[in-house]
Structures are given as C-alpha cells and as structure tokens.
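Quick notes on the structure that follows.
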Amino acid sequence: MVIQEFDVRFSDESCELLICMEALSPCDSFKKFDASKLLRLIEMYPDDFSTADRMTEYQLGNYIRNVKKDERFANLNNIADLIKVMVETRNHLSHPLVYRLLKLALVLPVTPATIQRDFSAIKLMKTNLRNQIGDDLLNACLICAIEKQALANHCYKC
C-alpha cells in the first residue's frame, strides 16, 4: 500500500530527483554517494549548471575523498548539517559544484510546498462573489493573502 501511495503522489521524474538527491547524504560515512547520480541531477537542471559543470566529474571524486578523510564530516545525519560543516571548513570554496548541488537539494523540497500554499490561498479567495469581480481586484486580494507576512511588516512600520 505504501508503494502504491508513493507512486500516486510522485511522478517518475520526482522519484528520480529524490534518488539523485539521496546521493548527497552524509549518513554512514557517505555510503550512498554516487557521482553518476549527481551528474544526472546536474543534467536535470541544465539552466542552473553550465556545460563545464557537467564535465567536472573529477571534482565529485575529490570531494568524496576529502570529506571521508576529515573527521569533522564524520557522524553527520543530514544534508543541512553537511552544508554547515562545508561552510565552517571552507570546503564550499574548493568544491563549488557540490556546494551548489547541496543548496539545490535544500531548496527543492520547499518549492512545491510554497506553490501548494499559494494555490490554497487562491482557492480560498476565489469564491462565487469574487468570480464576478475583475482580474485586477482579484490579483490585489491574492497578493494580500499570499504575502500576509510582508504586508503585516509593512503596515507595522507605518
């Protein structure tokens, strides 16, 4: 049942994306690290990575050798901890490709949630009464509903 639910909720591309992101996991001394999966992740985002980035497989090999030698990277449990240690040790400067992949892996789960929240706000705002108003007024109402925090901060300063 769990596998069926997983198949219903996630497309093949989403599953592949999750599998590729798993290759960045620092758990069990980077046991799941796989350069080919990371290269596939780079290919999935051609606008974010240059052709030169796609050809730097050696940087991935250097990265894994360096972090496995450094005891500061031992016993990390998640990608967020890994990126913190990378910045603290300044390894983000010597391995910029890996650092960008880590940032991508941290941002991707947030993006669908943000979009779903925005559509929920649209659904709440789009009632029968508001269906009869013009697009400009509806857009203004939606901006206020979606950007509540920014609007509250702005009103508070006034």
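Here is how the numbers come out for the structure above:
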read-out: Efficiency of FRET between Lys69 and Ile19 - r from beta-carbon atoms, R0 22 angstrom, step 0.05; value: 0.25
read-out: Net length gained if the chain between Ala145 and Thr89 were fully extended (0.36 nm per residue, minus Cα distance); value: 16.0 nm
read-out: Full-extension gain in nm, Asp136 to Arg100, via 0.36 nm per residue minus C-alpha separation; value: 9.1 nm
read-out: Label-to-label distance, nm, for residues given as Asp28 and Asn77 (7 Å Cα→Cβ offset); value: 1.7
read-out: Radius 11 Å from Cβ of Leu60, net charge of other residues (Lys, Arg +1; Asp, Glu -1); value: -1
read-out: Neighbour-limited loop hits for trypsin sites (Lys or Arg not before Pro), the stretch 18-92 (at most 15 other Cβ within 10 Å; DSSP other than H, G, I, E, B); value: Lys31, Lys32, Arg90
read-out: Farthest positive-ward along the stretch 20-117 dipole, Cα basis, beta-carbon charges - from Ala74, Cys27, Thr51; value: Ala74
read-out: Cα-Cα pairs of the stretch 2-108 separated by more than 21 Å (percent); value: 34
read-out: Karplus (6.51, -1.76, 1.60) ³J(HN,Hα), θ = phi - 60°, over the stretch 49-61, in Hz, Gly and Pro reported as x; value: 10, 7, 4, 5, 4, 6, 9, 9, 4, 4, 5, 5, x
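We did not get these values from a lab; they are worked out from the coordinates using the rules stated. Since we're looking at a predicted model, the values are computed, not measured. Positions of Cβ are backbone-derived with ideal geometry, glycine not excepted, and every protein chain shown enters the neighbour counts.
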